[in-house]
Each structure stands twice: as C-alpha cells, then as structure tokens.
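Notes follow the structure.
The values are calculated or read from the model by the stated rules, or taken from the named source; none is laboratory data. Predicted, not measured: the structure shown is a model, and the values here were computed from it. Here the Cβ positions follow ideal geometry from the backbone for every residue, glycine too, while neighbour counts run over all protein chains shown. Protein only, heavy atoms only, side chains kept; ligands, DNA and RNA dropped before computing areas. Shrake-Rupley method; radii C 1.70, N 1.55, O 1.52, S 1.80 Å.
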Amino acid sequence: MGLFYTQPKLQVPAREADGSWVFFGGAFKTFFISGDKHHFTSRQIFTPNNPYTGNGRASIATPPYHTHLYQTETFDVKSGTLAYCIDGKEGTLEAGQKVQIPPLRPHTFWNGSATENLDVHITVRGGDNPGFDETFVHNFYGYLSSQTMQGLAPNPFQMLLFMYSADVILMDIPLGLGSWANLIAGKLIGQNLLGMSAEYKEFSDESE
C-alpha cells in the first residue's frame, strides 16, 4: 500500500456450482462464456426489485456512462429487457435482439424490467490493449459490491484506476477530461502514490 491509504477489508465474492460469480448479495451474477487475446464474452444476470440492480439507471450496479477507447461492445439479450442510453438516446432491447457499439460511442445499460431478470451476453472485441476482460469485470464489480455491502463508498481513485486499466473513459467527467482523470487520479495518484491495484487476489480465480 501507499503512504497515505489503507485498503478496507475486501469481501470475496460468492462462487456457485454453475461457475457464476455472485455480487451484491445475489442481485448480480456473471459467467465466463469465452475469451482470447482478441475478445471477451460474459453472461450477466441483473435481478429486479432491489436497490443494486433493480432501480433502473440509478441502480448501483449500472455501469457508468462511458466509452471504450479501442473495443467494440455487443449486447445480446437472452431474456428480459435491456434498457440503454447510447449517444444520449434511451431505448430498450428484448430477448433475441442485439446492439453493437463501436469505440468512442458513449453508452450504459440497465435492467429495464421491474419483474424479470435481465440475462445478457456482452462481448468486447478489438484493440491493441484488450483491457476490458474477465479480470476487469471481477475486480470492478467485486470491489464495488464489497464496498457497497459493507456500507462504504467506493474510493474514486480506485474506480478510476480500474477504468485506466481497461481503457474505459467516463463521460460524466466535465470538459472531456475523462482520459486525464484516469491517468492522473487513477494511475498516478491511485496506483503510484496511494498503492492501489487494478487487480486484487480476492477477485481472482485463486481466491477460493
């Protein structure tokens, strides 16, 4: 750790027999589908009627409004309703529908149903630095879930370091300064000064 920061104790995510990683007390699950140096596909299940994944766009587990520097992202809805915001425009996808989002296109998504699970396969593909992979998903959601379930706010330097590691740029940072925030707050301050990491053993396959 760095000179001025002590990481709170991290909770190890639950693991189920079907291979899923379980976050937010069971409200959100992820499954590894496939991956190589060119792509990564995960299955993600968001349950309704809870504050973590069932509160629309305001849900804690809803990804921040962001872009990918290098990767194209595809949402393939298996069941339920996926609500999205792409380029500032909201819409929905139902089971059997897909949308492909190229690099540098702002977007986010959430469970659009108050009664059904959202079951979606998410694929990211392309770019010289894949970044957004299983390690990122487990660490980002593992850390966010751990802090949330302990009643703690996520550290912004840590969250920006995760973004830096995955080449993900937050669009809610004013004046288009998301890349600089990742570099300065995430990499230089979070990692180099405070001693934070983009990967924690609690969120790895060896944590069991």
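Can you bin every Cα-Cα distance in region 15-151 into 10 Å intervals starting at zero and give me the percent of pairs per bin, rounded to whole numbers?
Result returned by the calculation: 12, 44, 37, 6.
Would you work out the charge dipole size for the chain about its Cα centre, treating the Cβ of every Lys and Arg as +1 and the Cβ of every Asp and Glu as -1, and quote it to the nearest 20 debye?
340 debye
Summing +1 for each Lys or Arg and -1 for each Asp or Glu, what net charge is found among the other residues whose Cβ lies under 14 Å from the Cβ of residue 84?
Values: positive: 57, 89, 98, 105; negative: 73, 76, 87, 90, 94.
In short, -1.
Any idea how far the Cα center of region 97-163 sits from the one of region 1-63, in Å?
Region 97-163 and region 1-63 have Cα centres spaced 8 Å from each other.
Normalising by the residue count of the chain, find the relative contact order in percent from Cα pairs under 8 Å and 6+ residues apart.
In percent, rounded to a whole number, it is 24.
Could you provide, to the nearest whole Å², the per residue accessible area of the chain with probe 1.4 Å?
48 Å²
So if each residue of separation counts as 0.36 nm, and I subtract the Cα-Cα distance between residue 115 and residue 79, what length gain in nm does that give?
Computed gain between residue 115 and residue 79 is 11.8 nm.
Please name which of 178, 69, 59 has its Cα lying farthest along the dipole of the chain towards the positive end, using unit charges on Cβ (Lys, Arg +1; Asp, Glu -1) and the Cα centre as origin.
Positive-end residue among those listed: 178.
Checking the cross-link filter: which lysines have an alpha carbon closer than 21 Å to that of residue 9, excluding same-chain neighbours under 8 positions apart?
Within the straight-line cut-off, residue 9 pairs with 201.
Per-residue ellipticity at 222 nm for the chain, helices alone: DSSP H runs ≥ 4 residues times -39500 (n - 2.57), over residue total, nearest 500 deg cm²/dmol?
One gets -4500 deg cm²/dmol as the mean residue ellipticity at 222 nm.
Taking the Cα atoms of region 3-84, what is the range of coordinates along each of the three principal axes, in descending order and whole Å?
Cα extents, longest axis first: 41, 35, 32 Å.
Is region 155-197 best put as rounded, prolate or oblate by its Cα gyration tensor, with a ≥ b ≥ c the root eigenvalues, rounded for a/c under 1.5, and otherwise prolate when a/b is larger than b/c, oblate when not? Mind dumping the intermediate values first?
Numbers: a/c = 2.13, a/b = 1.78, b/c = 1.20.
Taking the square roots of the gyration eigenvalues as a ≥ b ≥ c, region 155-197 is prolate.
Using a 1.4 angstrom probe on the protein heavy atoms only, could you order 84, 143, 200, 164 from most to least accessible area?
Order by accessible area, largest first: 164, 84, 200, 143.
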